[in-house]
Amino acid sequence: MSERVQITAEEIRRALHEEELREWVQHQRWYASKARSVTGIDIVESITLRDEPLLLLALVQTRFATGTHELYQLPLALRAPDANGVPRGESIAHTDEWTVYDALAEPTQALELLRRIETTDEITTPGGRFSFHQFDGVEQRLSDATDVRLMGVEQSNSSVVFDDSVVLKVFRKLEPGVNPELEILRFLTWRGFPNIAPLHGWYDYEGHAFASTLGVAQTFLPDAVGGWELALDELWSAPEMFLERLGSLGTVTAELHTVLASDAADPAFSPEEPSQEALGLLMATIDEDIERIFLRLPDDERLAPIAGRGQDVRERLAARAQIGVTGRVIRTHGDYHLGQTLHTPRGWVIIDFEGEPARPLPERRQKRSPLRDVASMLRSFAYVCSAVEILRNRRAPADFEQRAREKFLEHYFAAVDPTLMPGGEAVINNLLSIYELEKAIYELRYELNNRPDWISIPVAGIGRILEGA
């Protein structure tokens, strides 16, 4: 256990001019509030991980004019200005004494984080404690790995791979509480669920003001192919084979939900009976999203099928809500689509249990109907059928989306614990439609802000629900 903090936040501040740090943070891909300017930035906690060359872990708070703030994790490396090895173009600030840069731009720096996970270290500060944990039963040691690399560009995290055996995901934007990625991975690894990359370890912070998960390490699968990439390849080259794969994915999804609902003694995971109030809250949330988005739709011919039809969508939603809800609510994946799956020679693997990053952490930890995950995957089939033409200039078979839906649902319902499901096909289809609408509205907002060329995909999904298909 390390008790001493070798370099203080005040010393780091002297090396990091606030304006330089603020400017740098706002230009990172993982910075969440790109539409808002940071009015101030503070280092709220920091520790020294290594003295030579100097490696720090800093938790910083960005402040906004509205009085709100966000927390971010910054692994920082400091070297003398004339030292060799500082990655070009990655420096954050310069002083007469230090050059400061993002440590993960030099991936081998992450070996120190992995080493502390594997030795279950603790570092105490005046304001709290950084703790490093290895999952019970893990014997593999990779903190002396020789092949260390940063994974491809990510939106909200940074992931480092060690000897193609373990991957460490460093959460950049932090929220108070246990990250669902850790919570669900720990639950599934402990129960031996075979269709995940098992948990290797994690690290976190607990302080007077807040506690937060900082990162998770899990098994890396070098022979895996991303489910989204596999779909783009096989949708036109081997559609029948991919349909069979989707049947298997339906089975794995059902088994995931069944295991997540298997422990009635764990309050965080025990299945619960849904309330009519919960359905009402869901309807109200979707209704607000509909009103907010439809009032601001731009003048674009691709939006013509839904332009001016916000009230129609709301009425369709209200009619479906009258049927009611049964079944049970459980912990779910929360952001389930083909991009959250891997395909290996041994079958499907499900990854990334953080939930939708745009939603607050307490909302991502809520128990929901497993049909919400199912609906999200069905929306992914619609996406990939359009994306194969956008990205690969190929066409999916005309009936592929419908056949994919049928194949996935057939295998899912054959394998899932039936007590988790609403009673009767009409209620199941009704809930699926509600969740698909929720997802399509979320997609529409995302595409309008990020990929206008893709807006026709959620528009078609909303249109289909409007027509009752």
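Points worth noting:
- Residue identified as in a helix (DSSP H, G or I) and under 23 Å from residue 449 (Cβ atoms) among 314, 296: 314
- Single match in 251, 213 (criterion: of a type in the set (Ser, Thr, Tyr) and in contact with a strand residue (DSSP E or B) (Cβ under 8 Å, 6 or more places away or on another chain)): 213
- Qualifying residues in segment 390-414 (those that are surrounded by 14 or more Cβ atoms within 10 Å (Cβ to Cβ) and among the small types (Gly, Ala, Ser)) - the one nearest to residue 247 (Cα to Cα): 404
- Considering segment 416-462, and only residues there that are among the hydrophobic types (A, V, I, L, M, F, W, C) and outside any helix (DSSP H, G or I), the residue that is surrounded by the most Cβ atoms within 10 Å (Cβ to Cβ) turns out to be 416.
- Among the residues making up segment 199-236, those that are in a loop (DSSP other than H, G, I, E, B) and either aliphatic (A, V, I, L, M) or open to solvent by 50 Å² or more (accessible area, probe 1.4 Å) (or both) are 208, 209, 221, 222, 223, 224.
- Subset of segment 377-389 [open to solvent by 10 Å² or more (accessible area, probe 1.4 Å) and in contact with a Phe, Trp or Tyr (Cβ under 7 Å, 6 or more places away or on another chain)]: 385
- Residue that is nearest to the chain's Cα centre (by Cα) [pool: residues in segment 41-65 that are touching a residue at least 24 places away in the same chain (Cβ under 8 Å) and not in a strand (DSSP E or B)]: 64
- Flag if residue 407 is out of contact with any Phe, Trp or Tyr (no Cβ under 6 Å at 6 or more places or on another chain) and farther than 23 Å from residue 248 by Cα: no
- Here 290, 330, 323 are screened, and the one residue that is at pLDDT 85 or above and either open to solvent by 50 Å² or more (accessible area, probe 1.4 Å) or over 30 Å from residue 195 (Cα atoms) (or both) is 290.
- Some residue of segment 63-72 being out of contact with any Cys (no Cβ under 7 Å at 6 or more places or on another chain), polar (S, T, N, Q) and surrounded by fewer than 19 Cβ atoms within 10 Å (Cβ to Cβ): yes
- Candidate set: segment 94-125, residues that are among the hydrophobic types (A, V, I, L, M, F, W, C) and in a strand (DSSP E or B); chosen: the one surrounded by the most Cβ atoms within 10 Å (Cβ to Cβ): 100
- Residue selected from segment 257-287 under the condition part of a helix (DSSP H, G or I) and surrounded by fewer than 14 Cβ atoms within 10 Å (Cβ to Cβ), by the criterion nearest to the chain's Cα centre (by Cα): 285
- Residue in segment 126-166 that is farthest from residue 114 (Cα to Cα), counting only those that are assigned to a strand (DSSP E or B) and open to solvent by 20 Å² or more (accessible area, probe 1.4 Å): 129
- Single unsatisfied condition, residue 306 versus (1) closer than 15 Å to residue 462 by Cα; (2) assigned to a helix (DSSP H, G or I); (3) in contact (Cβ under 8 Å) with a residue 40 or more places away in the chain: (2)
Each row is one residue, and each column tells you yes or no for (1) over 25 Å from residue 304 (Cβ atoms); (2) in contact with a Gly (Cβ under 7 Å, 6 or more places away or on another chain).
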site	(1), (2)
420	yes, yes
430	yes, no
440	no, yes
445	no, no
448	no, no
461	no, no
464	no, no
467	no, no
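- Beta carbons closer than 8 Å, at least 6 apart along the sequence or on distinct chains, pair a first residue in segment 214-233 that is more than 30 Å from residue 119 (Cβ to Cβ) with a second that is open to solvent by 50 Å² or more (accessible area, probe 1.4 Å) and modelled with pLDDT of 95 or more for 228/337; 230/245.
- From the list 381, 413, 408, the lone residue that is over 23 Å from residue 310 (Cα atoms), assigned to a helix (DSSP H, G or I) and in contact with a Gly (Cβ under 6 Å, 6 or more places away or on another chain) is 408.
The values are calculated or read from the model by the stated rules, or taken from the named source; none is laboratory data. Values in this document were obtained by computation on a predicted structure and should not be read as measured data. Cβ: placed from backbone, ideal geometry, glycine included. Neighbour counts: every protein chain shown. Note: accessible area is taken over every heavy atom of the protein model, side chains too, but ligands, DNA and RNA are not part of it. Shrake-Rupley method; radii C 1.70, N 1.55, O 1.52, S 1.80 Å.
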